[in-house]
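So the structure is just underneath, and the comments pick up after that.
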Amino acid sequence: MRVFLDSDVILDLVLCREPDVAIAHEIFRSIARHEFEAFTSAVVIVNVHYFAKKEKDGTFAIAEVKNLLTLLDILSIHERTLQQAIALPIIDFEDAVQCAAAVAEGLDAIVTRNVKDFANSPLPVYSPAEFVKLIQTEHASEESD
């Protein structure tokens, strides 16, 4: 499975935001175990850096960005992606851009705590908890085969 991770999920991990940090840790453990391929966008990485620097400091922010770049693939956003985002029935433009980039890359799903913001996504959208259950079910199914 190839999945787009929205900024809220990544920020939960990076900034240890309660009560969501535990589920974010589980998602990133699944990435480390190669249970799925994780993608995000440069926009998300920039947002993560901004908030990490604001809440901690610049050194912490850069270290976290470097770590994320070892774990996540970064989607390209081109003019065509932006045009496709405009055409999507998603109200928030940033969310539409993330969705359009995920669609253009042929990803299977989006994982976000803001599921309602992606209500009109052409891709399935999962909350972090729903996604962890899905991965656990798939992993258990693979082990029993």
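Computed from the coordinates by the stated procedures, all read-outs in this text should not be read as laboratory data. None of the values given here were measured: they were computed from a predicted structure. Reconstructed Cβ throughout: ideal geometry from the backbone, glycine too, with neighbour counts over all protein chains shown.
Descriptive notes on the structure:
- At full extension, ALA32 and LEU69 could sit 12.0 nm farther apart than now, given 0.36 nm per residue minus the alpha carbon distance.
- Of (i) 1.05; (ii) 0.96; (iii) 1.00, the label for Rg/Rh (Cα atoms, Kirkwood Rh) derived from the coordinates: (ii)
- Sorting LYS66, LYS56 from the fewest to the most surrounding beta carbons within 10 angstrom yields LYS66, LYS56.
- Computed label-point distance, nm, for sites ARG17 and SER76 using a 7 Å Cα→Cβ extension: 3.0 nm
- Furthest towards positive pole of dipole, THR137, HIS34, LEU107, structure part the stretch 2-138, Cβ charges: HIS34
- Within the stretch 98-132: backbone nitrogen closer than 19 Å to the LYS56 label point (7 Å, Cα to C-beta): none
- Here the 3J(HN,Hα) profile of the stretch 87-97, calculated from phi with Karplus coefficients 6.51, -1.76 and 1.60 at θ = phi - 60°, is 6, 6, x, 10, 5, 6, 4, 4, 5, 4, 5 Hz, Gly and Pro shown as x.
- For the stretch 79-129 versus the stretch 57-73, the inter-centroid distance based on Cα atoms is 23 Å.
- With the helix formula -39500 (n - 2.57) applied to DSSP H stretches of n ≥ 4, the chain reaches a computed 222 nm mean residue ellipticity of -18500 deg cm²/dmol.
- Taking θ as phi - 60° and the Karplus parameters 6.51, -1.76 and 1.60, the scalar couplings of the stretch 113-129 work out to 7, 9, 4, 4, 5, 10, 4, 9, 5, x, 9, x, 10, 10, 6, x, 5 Hz in sequence order, x denoting glycine and proline.
- Lysines whose Cα lies under 19 Å from that of LYS54, excluding same-chain neighbours fewer than 8 positions away: LYS66
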